[in-house]
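Q: There's a structure below that I have some questions on.
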Ligand code: HEC
C-alpha cells in the first residue's frame, strides 16, 4: 500500500522539482569551488569589564585584572586577543572563550590553565613571556569570561 502511494506520488514530485523556472546551478570559478572566504570579524568588539567579572574561588580580583592585561597584550607579551578577539568572542583563528563550553577540560581554572600551557604554547605567534603567575591570572580571567552571564 505504502509503496503504491509512493509510486503514484513520485512523478508529481518530479514535476514540481523539475519545473523549468527553477534556476540552474551557477558555474563557480575553480578557486571559489575549492576554498571558502575566511570569516570576517565585523562585529563591534567590546572589551569585557574585568572589574565586574566573577572571581574564581582561590583567586583575587588583582589576578583577573592582570589576566585581562595579559589577554589583551598589555602584560607579559600575551597575544590571546589577537586570535580569540578583543571581546574574546572568537575570530577565524581562535574560538569563542565566552560561552562557558570548552573543548578541552571541564571549564575549571585548572583545566583552562592546562590548555593554555599545552595547546596555546604551540600556537603560532605563541605567548612568549608568560610566567607561571601570568598563566594563573589569564586562566582565571578566561574562567571568568565563561561565567559572565550565570
Ligand atoms: C595564534 C592564535 C592563538 C593565540 C595567540 C592564542 N590562542 Fe587560544 N586557541 C587558539 C585556537 C586555534 C584554539 C582552538 C584549538 C585548541 O583548542 O587547541 C584555542 C583554544 C583555546 C582554549 C581552549 C578552549 C576550549 O574550548 O577548551 C583556551 C582556554 C585558550 N585558547 C586560551 C588562550 C589564552 C589565554 C591565550 C593567551 C595566553 C591564547 N589562547 C592564545 C588560538 C590561539
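Q: With a point put 7 Å past each Cα toward its Cβ, work out how far residue 61 is from residue 82 in nm, to one decimal.
A: 3.2 nm
Q: Between residue 106 and residue 93, what length in nm is gained on full extension when 0.36 nm per residue of separation is reduced by their alpha carbon distance? Spell out each step's value before the answer.
A: Values: separation 13, 0.36 × 13 = 4.68 nm, distance 2.21 nm.
That works out to 2.5 nm of additional length.
Q: Which ordering of 59, 71 is given by a fewest-first count of other beta-carbon atoms within 10 Å? Don't skip to the answer; put the middle values down first.
A: Numbers: 59 19, 71 26.
Least to most surrounded, the residues fall as 59, 71.
Q: Using 0.36 nm per residue of separation minus the Cα-Cα distance, give me the extension gain between residue 41 and residue 133 in nm, one decimal. Could you put the intermediate results ahead of the total?
A: Working: separation 92, 0.36 × 92 = 33.12 nm, distance 3.11 nm.
Extra length available between residue 41 and residue 133 comes to 30.0 nm.
Q: Let me ask something else. May I ask for the Rg/Rh ratio of segment 50-145, computed from Cα atoms with Rh as the Kirkwood radius, given to two decimals? Before the final figure, lay out the partial values.
A: On the way: Rg = 11.7 Å, Rh = 12.9 Å.
Result: Rg/Rh = 0.91.
Q: Of 72, 118, 84, how do they rank once you tally other Cβ atoms within 10 Å and put the fewest first? Present the calculation step by step, with values, prior to reporting the outcome.
A: Working: 72 19, 118 10, 84 22.
With the sparsest Cβ surroundings first, the list reads 118, 72, 84.
Q: With 10 angstrom as the radius, rank 47, 69 by how many other C-beta atoms surround their C-beta, starting from the fewest. Walk me through the numbers before you get to the answer.
A: Values: 47 13, 69 17.
Ordered from fewest to most neighbouring Cβ atoms within 10 Å, 47, 69 come out as 47, 69.
A short reminder: the numbers here are calculations on the coordinates, not readings from a lab. No experiment lies behind these values; they were computed from the predicted model shown. Note that we place each Cβ from the backbone using ideal geometry, even for glycine, and neighbour counts take in every protein chain shown.
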